[in-house]
Amino acid sequence: MFTNTSSNDCSPPVFKKRPTKNPSYDWNITVDNSESILGLIDNKRLDVGLIEKSMLTDTDLVVRRELATDQLVRIGEPTGTWLIREPGSGIEHYTELFFNEYDIKPEHTIMLNRNDLIMELVASGVGETIISKSVLPSDYPYTELNPHFKRSLYFLNSKHMNREILELVYDSVKQIAQEIYPMD
């Protein structure tokens with residue numbers, strides 16, 4: 001249901017404020033990258049998901065709605081090592097765009113699939129990365145990127161999901177997402 005970034009930002013408030021009008025359903029939470037979540041919904045293994053990577057969806061199977069925007073920033077020390085996310089991740093997509101735009105050719109890369117581990121390595125002085133500003137403590141130093149390094153947070157849902165439950169979940173997630181990632 002959640003990408004790595006959205007799981008840290010959105011899941012605690014979503015489940016604290018989860019809809020109570022229909023409490024008879026249970027949750028099965030999946031944390032994965034944007035492409036994997038879309039694939040799980042396409043294959044009817046997930047009903048809803050939050051992703052940050054703009055991707056084409058099969059509109060016969062999946063509905064995509066924009067919820068909010070998220071600013072990406074550069075953090076860490078320039079050691080020649082870049083901490084990057086795995087293929088399929090929204091952050092990985094934007095990191096590649098960043099490398100191309102700024103003509104950066106890292107001396108070394110370390111690929112990880114967890115933002116929390118990336119943050120620990122940055123804090124330890126291992127290297128630098130591109131990450132969502134929303135996951136940083138308010139006093140954490142960062143470098144702003146060009147305005148087009150703002151990405152959208154999308155709510156995906158299976159077209160075959162129960163409409164009443166879907167709208168309850170969507171309304172709850174939308175409210176929380178817009179508090180965390182205000183739209184410009």
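Nothing in this text is a laboratory measurement; each read-out follows from the coordinates by a stated rule. Just so it is clear, the model here is predicted, and its values are computed rather than measured. Counting neighbours? That spans all protein chains shown, and the Cβs are built from the backbone with ideal geometry, glycine included.
Please compute the net charge surrounding Tyr94, taking Lys and Arg as +1 and Asp and Glu as -1 over other residues with Cβ under 13 Å from its Cβ.
Every neighbour counted, the sum reads +1.
Which of the peptides 140-153, 32-45 is most tightly packed, and how do the rest follow, going by the mean number of other Cβ atoms within 10 Å of each residue?
32-45, 140-153
Taking all pairs of distinct Cα atoms, average 1/r, flip it, and tell me the Kirkwood hydrodynamic radius of region 93-176 in Å to one decimal place.
Over region 93-176, the inverse of the mean reciprocal pair distance is 16.1 Å.
Sorted by mean Cβ packing within 10 Å, highest first, what order do the peptides 80-88, 119-127, 53-61 take? Don't skip to the answer; put the middle values down first.
Numbers: 80-88: 19.0, 119-127: 15.7, 53-61: 12.6.
Ranking the peptides 80-88, 119-127, 53-61 by packing returns 80-88, 119-127, 53-61.
Quick one: compute a quarter of the convex hull surface over the Cα atoms of region 21-120 and quote it in nm². Intermediate values should be presented prior to the final figure.
On the way: hull surface 34.8 nm².
Its average projected convex-hull area is 8.7 nm².
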